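The values are calculated or read from the model by the stated rules, or taken from the named source; none is laboratory data. Please read these numbers as outputs of a predicted model, since none were measured by experiment. Cβ atoms come from the backbone with ideal geometry, glycine included; neighbour counts cover every protein chain shown. All accessible areas refer to the heavy atoms of the entire protein, side chains included, with ligands and DNA or RNA removed. Shrake-Rupley method; radii C 1.70, N 1.55, O 1.52, S 1.80 Å.
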Amino acid sequence: MEPSVKESVSRIPLLKTKAGPRDGDQWTQRLKEEYASLIKYVENNKASDSHWFHLESNPQGTRWYGTCWTYYKNEKYEFELTFDLPATYPQAPPELALPELEGKTVKMYRGGKICMTTHFFPLWARNVPHFGIAHALALGLGPWLSIEVPAMVEEGYLKPKSEQNVA
């Protein structure tokens, strides 16, 4: 693992339980670990003034939704974030989707699912069951936003939040 990746991961608690949504009580334990990891990640982000997402789930912890945002040239770009945990989770990582960006970049699949196959999925596979949702956000979505949003802005596909609500 690269030093910058190791440093980023070191601030997010690793998970222990290898269980998915179909695993009953073990899934309940895994879900508690997921929430603890996410809470710690959010606390760390807020402490370093780098909070960049809001996330919640259905009661089963299988469907997640919220918003994420990034800044580019002092302008805020905010997006709806959704994903379902696959039946094979945590063997397979979640496919994070930003539906409103569908068709605005080639680094995206149908339904607004962001492309993480080349860089993130192999890292995930080497770290099962220790990586969870917080890791997918930190090592998948965060880097994707930092690269793709500036490219979409420069190509004219995105406007800042401040210009989106102007009549």
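Over the stretch 117-156, with a single point scatterer placed on each C-alpha, what log10 of the ratio I(q)/I(0) does the Debye formula yield at q = 0.20, 0.24, 0.29 1/Å? Results for the stretch 117-156 at q = 0.20, 0.24, 0.29 Å⁻¹ read -0.62, -0.76, -0.94.
His130 exposes around 80 Å² of accessible area when a 1.4 Å probe is run over every protein chain in place.
Distance from the Cα centroid of the stretch 82-97 to that of the stretch 109-167 is 15 Å (rounded to whole angstrom). Please list, or write none, the lysines whose alpha carbon is within less than 19 Å of the alpha carbon of Lys107, excluding same-chain residues fewer than 8 places away. Answer for Lys107, where 19 Å is the Cα cut-off: Lys159, listed by chain and number. How many percent of the accessible area of the chain is carbon or sulfur, using a 1.4 Å probe? It is 52 percent, rounded to a whole number.
For the chain, the alpha-carbon radius of gyration amounts to 1.04 times the rule-of-thumb value 2.2 N^0.38 Å expected for a compact globular protein.
Taking each residue as 0.36 nm, the span from Gln91 to Lys161 lengthens on full extension beyond its C-alpha to C-alpha distance by 21.6 nm.
Excluding ligands, DNA and RNA, what is the solvent-accessible area per residue of the chain at a probe of 1.4 Å, expressed in Å²? Show your work: numbers first, answer last.
Values: 9280 Å² over 167 residues.
The answer is 56 Å² per residue.
Using C-alpha pairs under 8 Å with a sequence gap of at least 6, the mean separation divided by the residue count of the stretch 3-154 gives a relative contact order of 22 percent.
Only helical runs count toward this figure. For the chain, summing -39,500 (n - 2.57) over DSSP H runs of n ≥ 4 and dividing by all residues gives -10500 deg cm²/dmol at 222 nm.
Modelled spin labels at Asp25 and Ala151, positioned 7 Å past Cα toward Cβ, are 4.8 nm from each other. Note on Thr118 and Asn58: the extension gain reaches 18.7 nm, defined as 0.36 nm multiplied by sequence separation minus the Cα-Cα distance.
Starting from 0.36 nm per residue, how many nanometres of slack lie between Arg110 and Tyr65 once their C-alpha separation is accounted for? Walk me through the intermediate numbers first.
Details: separation 45, 0.36 × 45 = 16.20 nm, distance 1.76 nm.
Once the chain is fully extended between Arg110 and Tyr65, it gains 14.4 nm.
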